[in-house]
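Trainee: Sending over a structure as structure tokens; questions will come in a sec.
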Amino acid sequence: MNVRVAVILALAVAMVACGGTTTTGAGLAIGTDAQATASDVAMPASEAVSAAGSGDVQASVDAAGTPVDAGPSCKKSKLRPPPRAEMMGVFDPKRRRLVIWGGDSGVPVCGSFAGHQVGVADLWIYDAVCATFEQVQTAVTPPARARGMAVYDPDRDQMVLFGGRYRKASSGSYTVFNDAWALDLETLTWKELQTTGPKPPARSTTAGGYNSVTGEMLLFGGNGSGNGLQFISLDDTWALNLETLQWRQVEIQGSKPSKRQFHTAVVDAPNNRMFVHGGGGANAWQGPFLGDLWMVDLIKGSWNQLHAGGVGAPKGRIWSTLTYDPLNKKVLLFGGHDDGNVGNNNDTWGYDLTSGKWQNVTKAETVNKAPPKPCDFAKDFTLPNMMAPDRRSAHLAALDLKRGEWIVFGGKTDCGLIDDVWVFDLERYEWVSQLSATQGEACIRGDNPDLCVAMCSAPK
């Protein structure tokens, strides 16, 4: 048995024991329930305030390293959210901030059999001008969860949350949601939306977006199972009118994408279309993963496969992120977890809607030193691309269209959960670091390799 297969089996055994999922290659298990101890307790508001020091701090920088929008209101702060993955969030362009809620703070560890509570319920704001975090306490909050989805609704100035899963105990079944909640972005207060009409079946790992033309939140597919050992992949499309709060199932004409979960999606509202890429089916924790790109016409209700994947396209993967670049008429994809030798990825791709071809913008890292045995990955397992974020999956990404920046926060890496912030500049097609990681970064990249608790071996 070769080392790679042994690694897969070792991770599979660990994940089956705790009701999660596994992976191939070096990356961490997608949705794994194994963890090193991590706090799920939100910081009290008083502590959040005291953590912010006085004095000015450099605001966020552009691709040339120049501070942008710096102002006297920026204060120094070292406050960070507890590292996490599988979180929900949106970019609030009116106030130039990334709004982050929930997720899973359990740190996966290769070969560990420990379980953990899945789902947190804390609210964090990342100020994109000052490059600082703030925790927000709310009197009412949705039930804790991970693996849900969120959309930005500019018409009602709110973030809308749907679905996800939660488990209080360290093992057993999950509670799977089909409720909808709205966060008022002015007052930062939550309310549950009292929807009407037949609801979508409860699910996690769904994907979609907001159609500003019709005022609807859209979603496609997902996992309908509450059993961590068995997936129920879905292929239905739903729309929630955020004015009337009425659900409807979107009638589809002709062929459509196969049943899937862990996929990614983005809505291009001005052109009445939604794009869906990748994911996994019933064997989403083992592969093979999907690498196809689809587009649905939201007026006609018809799907069209734009690319089947394979040669000249991103590797099939789960839990990547997708956005639409209207400036260059491209669908952009970042990161995710493939079923090859590398696992977590940090490559960036652009699908040109004019030529019908994928362009590799940021190259994928390749294996430098294969692991000699399961769960023993050298710090230079891959040769790092320091001009891109660390390899990751299950991260949060949201587009600041006004400034032409795609913001990425957190996610799962080979070394656990990461808490850095990067932006992808849509004009230069380059990555720019905004906040360096304090933990979870690959051993060869990070300043503190001892904090890599998941897959890295001790420095040789």
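The values are calculated or read from the model by the stated rules, or taken from the named source; none is laboratory data. What you are looking at is a predicted structure, and each value in this text was computed from that prediction instead of being measured. Cβ coordinates were reconstructed from backbone atoms using ideal geometry, including for glycine residues, and neighbour counts include every protein chain displayed.
Trainee: Please go through the range 98-144 and give me each residue that is polar (S, T, N, Q), outside any strand (DSSP E or B) and touching a residue at least 60 places away in the same chain (Cβ under 8 Å), ordered by number. Reasoning before the result, please.
Mentor: First, pick out the residues of the range 98-144 that are polar (S, T, N, Q): 105, 112, 117, 132, 135, 137-138, 141.
Among the residues that remain, those that are also outside any strand (DSSP E or B) are: 105, 112, 117, 137-138, 141.
If the condition is that a residue be polar (S, T, N, Q), outside any strand (DSSP E or B) and touching a residue at least 60 places away in the same chain (Cβ under 8 Å), then 105, 112, 117, 137 are the ones that fit.
A quick yes/no check of all residues on (1) in contact with a Gly (Cβ under 6 Å, 6 or more places away or on another chain); (2) buried (at least 20 other Cβ atoms within 10 Å of the Cβ); (3) modelled with pLDDT of 90 or more:
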{"site": "321", "(1), (2), (3)": "no, yes, yes"}
{"site": "329", "(1), (2), (3)": "no, no, yes"}
{"site": "408", "(1), (2), (3)": "no, yes, yes"}
{"site": "413", "(1), (2), (3)": "yes, yes, yes"}
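Trainee: Then there's this: Is it true that residue 243 is out of contact with any strand residue (DSSP E or B) (no Cβ under 7 Å at 6 or more places or on another chain) and at pLDDT below 95?
Mentor: Details: out of contact with any strand residue (DSSP E or B) (no Cβ under 7 Å at 6 or more places or on another chain): yes; at pLDDT below 95: no.
Judged against the criteria, residue 243 is not a match.
Trainee: Among the candidates 140, 213, 160, which residue alone is touching a helix residue (DSSP H, G or I) at 6+ places or on another chain (Cβ under 8 Å) and among the hydrophobic types (A, V, I, L, M, F, W, C)?
Mentor: 213
Trainee: Report, by residue number, each residue of the range 239-279 that is small (Gly, Ala, Ser) and under 18 Å from residue 316 (Cβ atoms). Before the answer, list the steps.
Mentor: Step one: list which residues in the range 239-279 are small (Gly, Ala, Ser), which gives 239, 254-255, 258, 265, 269, 278-279.
Matches in the range 239-279: 258, 265, 278, 279.
Trainee: What number goes with the only condition from (1) out of contact with any Ser or Thr (no Cβ under 9 Å at 6 or more places or on another chain); (2) buried (at least 19 other Cβ atoms within 10 Å of the Cβ) that residue 248 does not pass?
Mentor: (2)
Trainee: Considering each residue of the range 260-274, count those that are among the hydrophobic types (A, V, I, L, M, F, W, C) and in a helix (DSSP H, G or I), and give that number.
Mentor: Result for the range 260-274: 1.
Trainee: Shifting gears a bit: Tally the residues that are surrounded by fewer than 24 Cβ atoms within 10 Å (Cβ to Cβ), within 19 Å of the chain's Cα centre (by Cα) and part of a loop (DSSP other than H, G, I, E, B), restricting the search to the range 340-357.
Mentor: Adding up the residues that qualify gives 1.
Trainee: Continuing with this model, one more query. In a loop (DSSP other than H, G, I, E, B) and within 22 Å of residue 87 (Cα to Cα): is that true of residue 257 in this structure?
Mentor: no
Trainee: Might you check whether a residue that is touching a strand residue (DSSP E or B) at 6+ places or on another chain (Cβ under 9 Å), at pLDDT below 95, small (Gly, Ala, Ser) and buried (at least 20 other Cβ atoms within 10 Å of the Cβ) occurs anywhere in the range 84-101?
Mentor: No, the conditions are met nowhere in the range 84-101.
Trainee: Report whether or not residue 237 is assigned to a loop (DSSP other than H, G, I, E, B) and polar (S, T, N, Q).
Mentor: Numbers: assigned to a loop (DSSP other than H, G, I, E, B): no; polar (S, T, N, Q): yes.
It is false that residue 237 is assigned to a loop (DSSP other than H, G, I, E, B) and polar (S, T, N, Q).
Trainee: How many residues does the range 81-97 contain that are in contact (Cβ under 8 Å) with a residue 60 or more places away in the chain and under 17 Å from residue 423 (Cβ atoms)?
Mentor: 7
Trainee: Pairs, please: C-beta under 7 Å, at least 6 apart or cross-chain, first residue touching a residue at least 40 places away in the same chain (Cβ under 8 Å) and surrounded by fewer than 20 Cβ atoms within 10 Å (Cβ to Cβ) and in the range 171-187, second in a strand (DSSP E or B) and of a type in the set (Ser, Thr, Tyr)?
Mentor: Close Cβ pairs satisfying both conditions: 175/166.
Trainee: Could you pull out the residue among 285, 294 that is buried (at least 20 other Cβ atoms within 10 Å of the Cβ), out of contact with any Asp or Glu (no Cβ under 9 Å at 6 or more places or on another chain) and within 25 Å of residue 424 (Cβ to Cβ)?
Mentor: After ruling out the rest, the residue left standing is 294.
Trainee: Now, a different point. Being in contact (Cβ under 8 Å) with a residue 60 or more places away in the chain, surrounded by fewer than 20 Cβ atoms within 10 Å (Cβ to Cβ) and hydrophobic (A, V, I, L, M, F, W, C) is the requirement here; does residue 308 meet it?
Mentor: no
Trainee: Sticking with this one: In the range 203-215, which residues are polar (S, T, N, Q), buried (at least 23 other Cβ atoms within 10 Å of the Cβ) and part of a loop (DSSP other than H, G, I, E, B)? Quick ask: steps written out before the conclusion?
Mentor: Let us first name the residues in the range 203-215 that are polar (S, T, N, Q), namely 204-206, 211-212, 214.
Next, only the ones that are buried (at least 23 other Cβ atoms within 10 Å of the Cβ) stay: 204-206.
Across the range 203-215, the qualifying residues are 205, 206.
Trainee: In the range 105-122, is there at least one residue being within 30 Å of residue 268 (Cβ to Cβ) and modelled with pLDDT of 95 or more? Working first, answer last.
Mentor: Pass one, the range 105-122, residues within 30 Å of residue 268 (Cβ to Cβ): none.
No, there is no match, as no residue in the range 105-122 is within 30 Å of residue 268 (Cβ to Cβ) and modelled with pLDDT of 95 or more.
Trainee: Also, quick follow-up: Filter the range 253-273 for residues that are out of contact with any Ser or Thr (no Cβ under 6 Å at 6 or more places or on another chain) and of a type outside the set (Gly, Ala, Ser) and give the result. Give the derivation first.
Mentor: Of the range 253-273, the ones out of contact with any Ser or Thr (no Cβ under 6 Å at 6 or more places or on another chain) are 255-258, 263, 265, 267-268, 270-273.
Across the range 253-273, the qualifying residues are 256, 257, 263, 267, 268, 270, 271, 272, 273.
Trainee: Quickly run through the range 216-233 and pick out the residues that are buried (at least 22 other Cβ atoms within 10 Å of the Cβ) and among the hydrophobic types (A, V, I, L, M, F, W, C).
Mentor: Within the range 216-233, 217, 218, 219, 220, 231 qualify.
Trainee: Has the range 375-386 got at least one residue that is part of a strand (DSSP E or B) and among the basic types (Lys, Arg)?
Mentor: Checked the range 375-386: no residue is part of a strand (DSSP E or B) and among the basic types (Lys, Arg).
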